[in-house]
1. So what is Rg over Rh here for the range 73-185, counting just Cα atoms and using Kirkwood for Rh?
2. Want the number for Ser147 to Glu498: 0.36 nm per residue separation, take away the alpha-carbon distance, what's left?
3. Tally Lys/Arg at +1 and Asp/Glu at -1 over every other residue whose Cβ is under 11 Å from the Cβ of Ile197; what's the total?
4. Just grab the label-to-label distance for Asp199 and Glu303, each label 7 Å out from Cα along the Cβ direction, in nm (one decimal).
5. Tell me the net charge near Ala236. Cut-off is 10 Å between Cβ atoms, Ala236 excluded, with +1 for each Lys or Arg and -1 for each Asp or Glu.
6. Using the Kirkwood radius over C-alpha pairs as Rh, can you work out the diffusion coefficient of the chain via Stokes-Einstein at 10 °C, viscosity 1.306 mPa s, in µm² per second?
7. When ranked by the protection proxy of mean other Cβ atoms within 10 Å per residue, highest first, what sequence do the peptides 270-283, 179-192, 324-337 form?
8. Summing Lys, Arg as +1 and Asp, Glu as -1, what charge do residues with Cβ under 9 Å from the Cβ of Ser502 carry, Ser502 excluded?
Amino acid sequence: MLRRTALAASALLAAGALLLTACSGGSTEAPTATGEPDPDASAIIRLVLEPDNLDIRQTAGAALDQILVDNIYQGLVARTPEQEIVPALASDWTVSPDGLTYEFTLREGVTFHDGQALTPQDVVWSLTTRRDTTTWSDSSRLANVSSIGAEGQTITLTLAAPDSTLLWNLTGRAGLVFKEGDTVDYKTAANGTGPFILDDWREGASITFVRNDAYWGEPAQVAEVVLDYIPDNQAALNAALAGEVDVVTGFDANLKDKIEADGAFELVLGKSTDKGTLAFNQTSGPLADKRVRQAIRQAIDHEAFIEAAASGETLYGPIPELDPGYEDLSDVAPYDPEAAKALLKGAGAEDLTLTLTIPSFYSTSIPIAQILVSDLNEVGITLEVESVDFPTWINDVYVNKDYELSYVLHTEARDFENWANPDYYFTYDNPEVQRLYAESVAATDEAEAADLLAQAARIVSEDAAADWLANGASVVAVGTNIAGMPSTNVNARLNLAELSKSDG
């Protein structure tokens, strides 16, 4: 699917309720259970998007990253929900001053779920195969790595040029470590080093993990986790009220009063990197005119999406608050219908008719298309809505770029690179942005890299390259007998190692 856009399945991921962000109040903390944690407990978590298969090496889509990374598969380094890079299979690492050499100390005593020992050669093989196999997701993330070797427990990566994104990329698919020569059927089974072992997959219903008692780190706090796939929010609410699930992710914040009614659940709003993106095809027609694109942006009342979702934050540029390079860009396109009308008149684009292509799985509880139709109608733009199934969206919009306006939720963190790629479906091509992004990647100082990203992001916003309707929130209903449930960026990654369940 769409790497670094995780978009697709990602978009799907937020399905049930478009977690458009905007929130009254920002994040809230998950409740802390007061009872004694039960190490033999089974925790049941509602998720929205089920993967088609489990091969995280070659099958794209955020549904796999969400459940398999951290829980089943690991890399040398990992990331926290707040996007901090932390040790995983490597106990520590160093980076040379010139940014060209990375040395990782591999932990000893780590075993795969089938009992085989993790060796330095497994790491070298995994990273080398990822880099050299184009059919493996994110292989290009390691293209700048010229050599990968091991001496004792030290893994050394040598780069052809500095790459400020390397460590981050190693926290994702590009850095996952597999057993060399493994014969597991990755589409239906798994063999990782994480705190949980894949126990069962009932396709169309649920995936079950059990605790890995041979785990190298702190053992999981529950004996079993059942990931229960319930796409519909009302059905998920009914399951929660019936005591059939302990946690509901991807929830609709508008249902807060209902799920909290009997005191068994608390609704938690966390930050995320979800970006509700309204793409403009700028290759021809009226949207090739910046004035028309700017008019559309200023015709849209972004606060309306926040109010409709009852969660999230407004967003006026391509970088959300959790990512490096974030800047409040609300000054670039303030809500001003009269200014929008003037821009359209100046562009000779009055009484304009445009088509919005939107995947059909987006929830009607948050009326994205309806709000856009109403807002644009106020400035003289007739918006025709074409709701399509996701494969059609992938083919027509993502692959063939056959669209005028399109909406999808991009959940991937640190995906600014798409704005520096003129071949991406956004159709945005600005050499200055491409230069700034390249300089950011080449920077050896984190602050400098972030500053360059911020400069590039402002240009993207000022060019009206797209509109960002909202920065979605992670909306999670957590049972009051549950502790350690992540509440930040859960659409992208759901590390369940610290989840515990008590009797009260």
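1. 0.94
2. Extra length from Ser147 to Glu498 when fully extended: 122.8 nm.
3. Overall, the nearby charge balance is -4.
4. Here the answer is 5.0 nm between the modelled labels.
5. Taking every other residue near Ala236 into account, the sum is -3.
6. Working: Rh = 23.4 Å.
My calculation gives 68 µm²/s for D.
7. Put in order of decreasing packing, that is 270-283, 324-337, 179-192.
8. Taking every other residue near Ser502 into account, the sum is -2.
Any read-out appearing in this document is the output of simple, stated calculations on the displayed coordinates, not a laboratory observation. As the structure is a prediction and not an experimental result, all values here were calculated from the model. Because the Cβ atoms are built from the backbone with ideal geometry, glycine has one as well, and the counts that use them run over all protein chains shown.
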